[in-house]
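Here you go, one structure.
The values are calculated or read from the model by the stated rules, or taken from the named source; none is laboratory data. Only a predicted model underlies this, so the values are computations on that prediction, with no experimental measurement involved. Here Cβ is always computed from backbone atoms with ideal geometry, including for glycine, and neighbour counts include all displayed protein chains.
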Amino acid sequence: MLLTTPGRLRQRGIVGMNMRNVVYIGQNNKRKFYPRVDDKLQTKVLAEKAGIAVPRLIGVARLQSHTKKLKEFLAQENAFVIKPAKGSGGKGILVITDRDGENYLKPSGSIVTDQGIRRHVSDILSGLFSLGGKPDVAMIEELVNFSSVFDGFSFEGVPDVRVIVYKGYPVMAMTRLSTKESDGKANLHQGAVGVGIDISKGHALNAVQHGKPLEVHPDTGRNLKELKVPDWPIFLELAAKAYEMTELGYLGADIVLDKEKGPLILELNARPGLAIQVANNHGLVTRVDKVEEDLKKFNRTPTERVAFSQQYFAV
Amino acid sequence: MRNKFELTILITVLMVLGIGITLYKINVLGFSFSPDKTETVWTVESRINFIADGGPIKLSMNLPDNSNGLIVTESLRQATGYKLSREVSEDGAKRIVWSREDAPKGRQHIYYRANIFRRKSAQKSMKNKAPASLPKISQPFTGTYLEAAEELIKKAQNTEQGKIKNGINLLNELNSPEQNQSAALLLEMPREAGGRLGLASDLLTQAKIHNRIVKGLVLSRDNRNKKLSSYIEIFDGKKWQLINPKTAEVENPDAFLLWQQNNESLLEIEGGSKAKVRFSSLATKILANQAAIKGGQHKHSWLVDFSIYSLPLSSQNAFKILLLIPFGALIVVILRNLVGIQTSGTFMPILIALSFLQTTLVVGLILFLTVVCVGLVLRALLSHLNLLLVPRISAILVFVITIYLAISVIGFKMGSEVGLNVTFFPMIIISWSIERMCVLWEEEGGKDVLIQGSGSLFAASVIYILMKNNFIGNMTYAFPELLLVLLAIILMIGTYSGYRLSELRRFEPMGREEEKN
């Protein structure tokens, strides 16, 4: 079969692109709130204010003149990440894992000089990495010390967990595992593997690559069914709290696991994609309807919402 | 909910307005959806012949009126040395007047030519108003003639039949004197003026039937140097019916050009003699929409007056293309939101299609692919230099011009002129395309460039083919108000939340699972 029918998709509650844009995003996400997630600096400030765990912000470079003070400013920091606040597609992110005297070291071991850091920040400020070339600011944040529980599930890169939050209720989750084909990027349509995560327990459901089901990771050979996310309720609660913080009704929260600090929100997305349905082998509509039903009766706190989701969205 | 309501109202208003104006233009103004539909128009030439006395001369001719579904526009008044003016008499009859101070003595010719268009809807002009009273009988019947007339009228009268039928019966009686003594007697009645036609009219008036004598040309016939033919019109209570007095049959008024009525004089001359006028008519076919535009302009219909047809021809051609752009936008909307084809940039496909219009499709595709591929390679080299956005695009534009120049020169040397067709406008489009593709390549990878690039080219080709289509070109040009309908459709698709065609493929495994369960 090359094509399926609209009736069958409707029966399974699959959300299509048009429905996502017109109904989920159009009716729930107010345009004026977009900058809260599109500008990562704003996200971070808001999150820290709301007590949501995020990688610590070390500093912000807003002006070209700030680049001269970078060396002094970073004197105490050994591992950090420099990224553009409005960058897209992971462009312009410089990861520094250690120091070598005056110089800095990238994860690959190659050396970045102080001059190199300054040029990178200058590039970010002049808008080299932002969409449309608009001037941007450079954020310096603490490097996440990734937990080793996902070792072997991902080829290079570290997996993050994407949770779809509908009006504050976590409705669906998946983790994206990079592969050799995706070049270490956790981008599904570049060949990364998507693994649906059960909302109630945090264990793996289905795995798909290029929209087709698979059992083991194509590069590491690890059985993907064995994947289980630790501290799962904390993941869900973080995601649920993001709703109060952004006021966006249809939201994607990308969460990573730090060895010491536990789950941290890395990024929020006002237009999360639909591939998560394939990874879960489940449509969003039925769950969203369930949430709407509950919203008519109750006004729940984030913790209650998580409990609700864990109870009703178990597979 | 309120949004939905407003949108529905808006869509309905747009639809009704667009379709309404279109229907009006088709049914009343005579526009046509079909670009090749033709309409008959007639050129009527009147040749006036007279002998001038020498010295001042004044010649006037009654003009045909817009009536009976025909529109008259003047095209030529050829009379060298004569001054031209117009008169309108009290009862609304128009006359054209030629005058000259010192006409040479002898035979003279004056030509007058008019174009006649057929009007779609019968005009409800004052000519269809009920006449106030019966016309005066030109020569009253007396004595035996009165008896004969009364007998004839009695014979033809039938209260159950309409006035038309009665009138026709009467004419028939009059036309067959061999079977009817009264008719024979009446025809022998000495008449001062009007002859047999006047008699017929008098008889109808005697029978209390509204009638009048009209003169004109039957355009459907072959007319060459003809006089005007005389007809009788009978008012049937609603409108005047044209009747041929010789056959006593109702004629189709569609092709009858009314030139003279109410005994207006056809030709008047001062300072000359032996004025004669002869008419010739010629039927030609022109495009229906052209005829509709000309007719509309003549009628001062605001739909035609305040439209692109009132613009100079050169700008009309530009607008012909401009009007196709919304159509392209509709195609993009359909392809992206209903079919689910990915294109790079929302309106890039339209712009690419426009540049294809200047090169033709195959040549355009080849040129585009070549330039874009070379441009992408050069752009990749540039990207190592870490340039800012604007200088980067500018550099690419310079590259594109150079590549393009090279293609044109090499092509021309090899005997092909296809490269010469591209102008400035496509240049900008191509450089922008290259830039977009490059950004895409960096952000999403080469595969996406391929998908979106081919999607764009596919959409551009579809739009190009439709833009080239004669029918669609005619439709957008002849009915610009269809833009409102187009807008309504786009708004409707804007609220469509169903699946895209591509999603039936994308989510196909999930549909399959259901089958197993």
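Return the total of residues in region B:489-505 being touching a residue at least 40 places away in the same chain (Cβ under 8 Å) and facing another protein chain (nearest Cβ under 7 Å).
Summing the residues that are touching a residue at least 40 places away in the same chain (Cβ under 8 Å) and facing another protein chain (nearest Cβ under 7 Å) in region B:489-505 gives 4.
Quick one: A:Ala279 ticks every box in (1) within 14 Å of chain B (Cβ to nearest Cβ); (2) touching a Phe, Trp or Tyr at 6+ places or on another chain (Cβ under 6 Å) bar one, so which box is it?
Of the numbered conditions (1) within 14 Å of chain B (Cβ to nearest Cβ); (2) touching a Phe, Trp or Tyr at 6+ places or on another chain (Cβ under 6 Å), the odd one out for A:Ala279 is (2).
Looking at this structure, is A:Lys86 of a type outside the set (A, V, I, L, M, F, W, C), within 14 Å of chain B (Cβ to nearest Cβ) and more than 30 Å from B:Met510 (Cβ to Cβ)?
Details: of a type outside the set (A, V, I, L, M, F, W, C): yes; within 14 Å of chain B (Cβ to nearest Cβ): yes; more than 30 Å from B:Met510 (Cβ to Cβ): yes.
When the stated conditions are applied, A:Lys86 passes them.
Tell me which residues, restricted to region A:156-173, are within 12 Å of A:Leu257 (Cα to Cα) and of a type in the set (Val, Ile, Thr).
Within region A:156-173, A:Val158, A:Val161 qualify.
Now a separate question. Please go through region A:22-34 and give me each residue that is among the polar types (S, T, N, Q) and either away from chain B (no Cβ under 11 Å) or within 18 Å of B:Glu503 (Cα to Cα) (or both), ordered by number.
A:Asn28, A:Asn29 - these are the residues of region A:22-34 that are among the polar types (S, T, N, Q) and either away from chain B (no Cβ under 11 Å) or within 18 Å of B:Glu503 (Cα to Cα) (or both).
Yes or no: region B:65-76 includes at least one residue that is at pLDDT 75 or above and in contact with a Lys or Arg (Cβ under 8 Å, 6 or more places away or on another chain).
No, every residue in region B:65-76 fails to be at pLDDT 75 or above and in contact with a Lys or Arg (Cβ under 8 Å, 6 or more places away or on another chain).
Between a first residue in region A:94-116 that is of a type in the set (S, T, N, Q) and a second residue that is in a helix (DSSP H, G or I) and surrounded by 12 or more Cβ atoms within 10 Å (Cβ to Cβ), which pairs have beta carbons less than 8 Å apart while being 6 or more apart in sequence or on different chains?
Between residues of region A:94-116 that are of a type in the set (S, T, N, Q) and residues that are in a helix (DSSP H, G or I) and surrounded by 12 or more Cβ atoms within 10 Å (Cβ to Cβ), the close pairs are A:Asn103/A:Asp114.
Listed residues A:Val23, A:Val15, A:Val60; which is among the aliphatic types (A, V, I, L, M) and either over 30 Å from A:Gly249 (Cβ atoms) or outside the structural domain of A:Ala253 (by TED's automatic domain parsing) (or both)? It would help to see each step written out before you state the result.
Working: A:Val23 fails: either over 30 Å from A:Gly249 (Cβ atoms) or outside the structural domain of A:Ala253 (by TED's automatic domain parsing) (or both); A:Val15 fails: either over 30 Å from A:Gly249 (Cβ atoms) or outside the structural domain of A:Ala253 (by TED's automatic domain parsing) (or both).
Testing whether each residue is among the aliphatic types (A, V, I, L, M) and either over 30 Å from A:Gly249 (Cβ atoms) or outside the structural domain of A:Ala253 (by TED's automatic domain parsing) (or both) leaves just A:Val60.
Which one of A:Gly157, A:Gly152 is crowded, with 17+ Cβ neighbours inside 10 Å and assigned to a loop (DSSP other than H, G, I, E, B)? Show your work before the answer.
Details: A:Gly152 fails: crowded, with 17+ Cβ neighbours inside 10 Å.
The match here is A:Gly157.
Here is a list of conditions, (1) under 18 Å from the mean Cα position of the chain (by Cα); (2) at the interface with chain B (Cβ under 10 Å from one of its Cβ atoms), and A:Val144 meets all of them except one; can you say which number that is?
(2)
Here's the yes/no breakdown for (1) assigned to a strand (DSSP E or B); (2) modelled with pLDDT under 90; (3) under 30 Å from B:Leu491 (Cα atoms); (4) within 14 Å of chain B (Cβ to nearest Cβ):
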position: A:Arg20; (1), (2), (3), (4): no, no, yes, yes
position: A:Val37; (1), (2), (3), (4): no, no, yes, no
position: A:Lys49; (1), (2), (3), (4): no, no, no, no
position: A:Ala53; (1), (2), (3), (4): no, no, no, no
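For region A:64-80, check the following and say yes or no: at least one residue is of a type outside the set (Val, Ile, Thr), within 11 Å of chain B (Cβ to nearest Cβ) and in contact (Cβ under 8 Å) with a residue 60 or more places away in the chain.
Among the residues of region A:64-80, not one is of a type outside the set (Val, Ile, Thr), within 11 Å of chain B (Cβ to nearest Cβ) and in contact (Cβ under 8 Å) with a residue 60 or more places away in the chain, which makes the answer no.
Would you mention how many residues in region B:371-385 are surrounded by fewer than 15 Cβ atoms within 10 Å (Cβ to Cβ) and among the aliphatic types (A, V, I, L, M)?
Filtering region B:371-385 down to residues surrounded by fewer than 15 Cβ atoms within 10 Å (Cβ to Cβ) leaves B:373, B:377, B:380-381, B:383-385.
Now drop any that are not among the aliphatic types (A, V, I, L, M), which leaves B:377, B:380-381, B:385.
Summing the residues that are surrounded by fewer than 15 Cβ atoms within 10 Å (Cβ to Cβ) and among the aliphatic types (A, V, I, L, M) in region B:371-385 gives 4.
Among B:Glu151, B:Glu160, which is the only one that is at pLDDT below 70 and charged (D, E, K, R)?
Numbers: B:Glu151 fails: at pLDDT below 70.
None of the others qualify; the one that does is B:Glu160.
Sort through A:Met139, A:Met172 and tell me the only one that's within 14 Å of chain B (Cβ to nearest Cβ) and part of a strand (DSSP E or B).
Values: A:Met139 fails: within 14 Å of chain B (Cβ to nearest Cβ).
Only one candidate qualifies: A:Met172.
I've got another one for you. Mind checking which residues of region A:261-315 are hydroxyl-bearing (Ser, Thr, Tyr), more than 30 Å from A:Glu215 (Cβ to Cβ) and either in contact with an Asp or Glu (Cβ under 9 Å, 6 or more places away or on another chain) or surrounded by 21 or more Cβ atoms within 10 Å (Cβ to Cβ) (or both)?
Just the residues of region A:261-315 that are hydroxyl-bearing (Ser, Thr, Tyr), to begin with: A:286, A:301, A:303, A:309, A:312.
Add one more test, that the residue is more than 30 Å from A:Glu215 (Cβ to Cβ), and what stays is A:301, A:303.
The answer is A:Thr303, and nothing else.
When you scan region A:124-136, do you find a residue that is at negative phi, away from every other protein chain (no Cβ under 14 Å) and either among the polar types (S, T, N, Q) or buried (at least 16 other Cβ atoms within 10 Å of the Cβ) (or both), even just one? Walk me through how you get there before you give the answer.
Start the filter on region A:124-136 by keeping residues that are at negative phi, which leaves A:124-126, A:128-131, A:134-136.
Cutting the leftovers down to away from every other protein chain (no Cβ under 14 Å) gives us none.
Scanning region A:124-136 turns up no residue that is at negative phi, away from every other protein chain (no Cβ under 14 Å) and either among the polar types (S, T, N, Q) or buried (at least 16 other Cβ atoms within 10 Å of the Cβ) (or both).
Taking A:Val15 and the conditions (1) farther than 30 Å from A:Gly101 by Cα; (2) buried (at least 17 other Cβ atoms within 10 Å of the Cβ); (3) more than 14 Å from every other protein chain (Cβ to nearest Cβ); (4) among the hydrophobic types (A, V, I, L, M, F, W, C), which numbered condition does it fall short on, given that it satisfies the others?
With (1) farther than 30 Å from A:Gly101 by Cα; (2) buried (at least 17 other Cβ atoms within 10 Å of the Cβ); (3) more than 14 Å from every other protein chain (Cβ to nearest Cβ); (4) among the hydrophobic types (A, V, I, L, M, F, W, C) applied to A:Val15, the lone miss is (3).
Counting only residues that are closer than 20 Å to B:Asp36 by Cβ and touching a helix residue (DSSP H, G or I) at 6+ places or on another chain (Cβ under 9 Å), give me the helices (runs of 4 or more DSSP H) lying completely in region B:286-325 with at least 2 of them. I'd like the intermediate steps shown before the answer.
Working: elements: B:288-299, B:302-305, B:313-322.
In region B:286-325, the matching helices (runs of 4 or more DSSP H) lie at B:288-299, B:313-322.
B:Leu385 versus (1) outside any helix (DSSP H, G or I); (2) more than 14 Å from every other protein chain (Cβ to nearest Cβ): which is the lone unmet condition?
(2)
While we're here: Looking at (1) hydrophobic (A, V, I, L, M, F, W, C); (2) within 14 Å of chain B (Cβ to nearest Cβ); (3) surrounded by fewer than 18 Cβ atoms within 10 Å (Cβ to Cβ), can you tell me which one A:Ala186 breaks?
Unmet condition: (3).
Within region B:435-453, can one find any residue that is in contact (Cβ under 8 Å) with a residue 12 or more places away in the chain and either away from chain A (no Cβ under 14 Å) or touching a strand residue (DSSP E or B) at 6+ places or on another chain (Cβ under 8 Å) (or both)?
Yes, some residue in region B:435-453 is in contact (Cβ under 8 Å) with a residue 12 or more places away in the chain and either away from chain A (no Cβ under 14 Å) or touching a strand residue (DSSP E or B) at 6+ places or on another chain (Cβ under 8 Å) (or both).
In region B:352-370, what residues are surrounded by 23 or more Cβ atoms within 10 Å (Cβ to Cβ) and of a type in the set (Val, Ile, Thr)?
Correct list: B:Ile352 only.
Here's another thing I want to ask about it. Which pairs have Cβ atoms under 8 Å, sit 6 or more apart or on different chains, and link a residue in region A:209-238 that is more than 14 Å from chain B (Cβ to nearest Cβ) and closer than 16 Å to A:Thr175 by Cβ to one that is of a type in the set (S, T, N, Q) and loosely packed, with under 15 Cβ neighbours inside 10 Å?
Close Cβ pairs satisfying both conditions: A:Glu215/A:Asn223; A:Val216/A:Asn223.
Has region A:219-233 got at least one residue that is of a type in the set (Ser, Thr, Tyr), part of a helix (DSSP H, G or I) and either outside the structural domain of A:Ser182 (by TED's automatic domain parsing) or within 26 Å of A:Val81 (Cβ to Cβ) (or both)? Before you say what the answer is, go through the steps one by one.
We begin by selecting, within region A:219-233, every residue of a type in the set (Ser, Thr, Tyr); these are A:220.
Then keep just the ones that are part of a helix (DSSP H, G or I); that gives none.
Checked against the condition, which is being of a type in the set (Ser, Thr, Tyr), part of a helix (DSSP H, G or I) and either outside the structural domain of A:Ser182 (by TED's automatic domain parsing) or within 26 Å of A:Val81 (Cβ to Cβ) (or both), region A:219-233 yields no hits at all.
Residues are listed down the side, and each one gets a yes or a no for (1) in the same structural domain as A:Asp183 (by TED's automatic domain parsing); (2) charged (D, E, K, R); (3) more than 25 Å from A:Thr220 (Cβ to Cβ):
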{"site": "A:Gly109", "(1), (2), (3)": "no, no, no"}
{"site": "A:Arg118", "(1), (2), (3)": "no, yes, yes"}
{"site": "A:Val121", "(1), (2), (3)": "no, no, yes"}
{"site": "A:Phe153", "(1), (2), (3)": "yes, no, no"}
